[in-house]
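The values are calculated or read from the model by the stated rules, or taken from the named source; none is laboratory data. In this text the structure is predicted, and so the values were computed from the model without any measurement. Virtual Cβ from ideal backbone geometry, glycine too; neighbours counted across all protein chains shown. For accessibility, only protein heavy atoms count, side chains too; no ligands or nucleic acids. Shrake-Rupley method; radii C 1.70, N 1.55, O 1.52, S 1.80 Å.
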Amino acid sequence: MTPPARRDGSWPALLVGVLALLGVAMTILAVLSAGTSPGGSEQAAPLRFIPVAAEAGSPCSVEEPGRTVTDDGVCLTLRDADGMAVQRVQDAHAEPSPAGDWSVLIVLRSTDARAFGDLTATVADEGRGGSRLAMLLGERLLTAPVVTSRIDGGEVVVSGFSREEAEDLAGRLRA
């Protein structure tokens, strides 16, 4: 006959240890699946602000990614080395604009807001009436407005979208 099993009290400690490990594993999985970090979210493609070096009065014959883009039939040559890239935005949301179309309000993180202010000051000083600053998401040109003065505060508004386009862009910037 075999002696009865000993009960030494170690099974509750083992159970607590297994539950603690399970909790840690679930926390790690939740953080990895969320894909976010404090202060903003990672975008699929960087949001880039690049000074325009030159404009030609016709569409680009061959668009070279990162070098030339077409904006309403005008070929823009970009100065990539003088621009900046934003990997994360603090916030982005769609809103109706006074013109009747839709806009996307983009709020930059504080470090990017300072760099954006410096960049817009440089671009504004280059031209007598201001110079253009291209704004791209990945390789897609969003806008290329003339910048006439420094833009501080870290809020950027991009207009001229339908509601669906604006909501899609804001969602991609927050994703």
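PRO59 versus (1) more than 12 Å from the chain's Cα centre (by Cα); (2) in a strand (DSSP E or B): which is the lone unmet condition?
Of (1) more than 12 Å from the chain's Cα centre (by Cα); (2) in a strand (DSSP E or B), only one is false for PRO59: (2).
Report, by residue number, each residue of segment 152-173 that is within 18 Å of the chain's Cα centre (by Cα) and either β-branched (Val, Ile, Thr) or under 19 Å from LEU76 (Cβ atoms) (or both).
VAL156, VAL157, VAL158, SER159
Within segment 113-150, count every residue that is under 21 Å from the mean Cα position of the chain (by Cα) and among the acidic types (Asp, Glu).
Result for segment 113-150: 2.
Determine which member of the set SER110, SER103, SER97 is under 17 Å from the mean Cα position of the chain (by Cα) and open to solvent by less than 30 Å² (accessible area, probe 1.4 Å).
SER103
Please go through segment 126-166 and give me each residue that is touching a Lys or Arg at 6+ places or on another chain (Cβ under 9 Å) and either open to solvent by less than 70 Å² (accessible area, probe 1.4 Å) or not aliphatic (A, V, I, L, M) (or both), ordered by number.
Applying the first criterion (touching a Lys or Arg at 6+ places or on another chain (Cβ under 9 Å)) to segment 126-166 yields 134-138, 144-147, 152, 154.
Result: ALA134, MET135, LEU136, LEU137, GLY138, ALA144, PRO145, VAL147, ASP152, GLY154.
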